[in-house]
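Peer 1: Got a structure for you, written out below as structure tokens; questions coming shortly.
The values are calculated or read from the model by the stated rules, or taken from the named source; none is laboratory data. On a predicted model such as this, the values are computed, not experimentally measured, just so you know. Note that each Cβ is placed from the backbone with ideal geometry, even for glycine, and that neighbours are counted across all protein chains shown. Ligands, DNA and RNA are excluded from the accessible area calculation, which covers all protein heavy atoms including side chains. Shrake-Rupley method; radii C 1.70, N 1.55, O 1.52, S 1.80 Å.
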Amino acid sequence: MKAIKTLVIASTLLASTSVLAHTFNEADKAIKYRQAAFTMIAGNVSEMGEMVKGKTDWSDAIFSKRANQLSQLSLMPLDAFYVEGSDKGKTNALPKVWTNFPDFEARLAQFQEDTAALASISDSGDKAAIRKAFGKAVKNCKACHSDYKAK
């Protein structure tokens, strides 16, 4: 687990450095970028959730693919929250994101860690462990929505 956390932190730092070096030049572009990332996150979570709930047939290959994509996508949105002015405009992000940014960053880092763990275990075939890891990631995701996203 420590290796996963280290990998997530290293990946986040690399992604942050690379994106910040090529920062968005307009706040509305940053907003659109993070909204697109969150839309893709939601799509992957939805498909995995349907399998977990038994609404669609379970596919180890598809679940694993979605879990790995989710892990990578979880690294994307944060950089777009750093862009000045991205707290304004057409966004569902509440002002609390910026007034309590350390907590927001910590929660997103936890989500990244959870999705990395889910991706890691998704190839195991152990559906009970996969469901548990999925539940943890989704619970964290929903908790952040409750505090930081307009309904």
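Peer 1: Taking Rh as the Kirkwood radius computed over C-alpha pairs, what is the Stokes-Einstein D of segment 96-151 at 37 °C in a medium of viscosity 0.692 mPa s, expressed in µm² per second? Write down the numbers at each step before the final one.
Peer 2: Working: Rh = 12.0 Å.
Translational diffusion coefficient: 274 µm²/s.
Peer 1: Please give the charge dipole size of segment 101-141, origin at the Cα centre, charges +1 on K and R Cβ atoms and -1 on D and E Cβ atoms. Round to the nearest 20 debye. All intermediate terms of the calculation are to be shown ahead of the outcome.
Peer 2: Working: 6 positive and 6 negative charges, 54 e Å.
Taking the Cα centre of segment 101-141 as origin, the dipole is about 260 debye.
Peer 1: Can you tell me, using C-alpha contacts under 8 Å and at least 6 residues apart, the relative contact order of segment 38-84 as a whole percent? Please report the intermediate quantities before stating the final value.
Peer 2: Details: 21 pairs, mean separation 20.2, N = 47.
Relative contact order of segment 38-84: 43 percent.
Peer 1: Which three lengths, in whole Å and largest first, does segment 31-96 cover when its Cα atoms are put on their principal axes?
Peer 2: Here the spans come out as 43, 19, 17 Å, largest first.
Peer 1: Leaving out ligands, DNA and RNA but keeping every protein chain, what accessible area does Tyr82 have, in Å² rounded to the nearest 10, with a 1.4 Å probe?
Peer 2: Accessible area, nearest 10 Å²: 100 Å².
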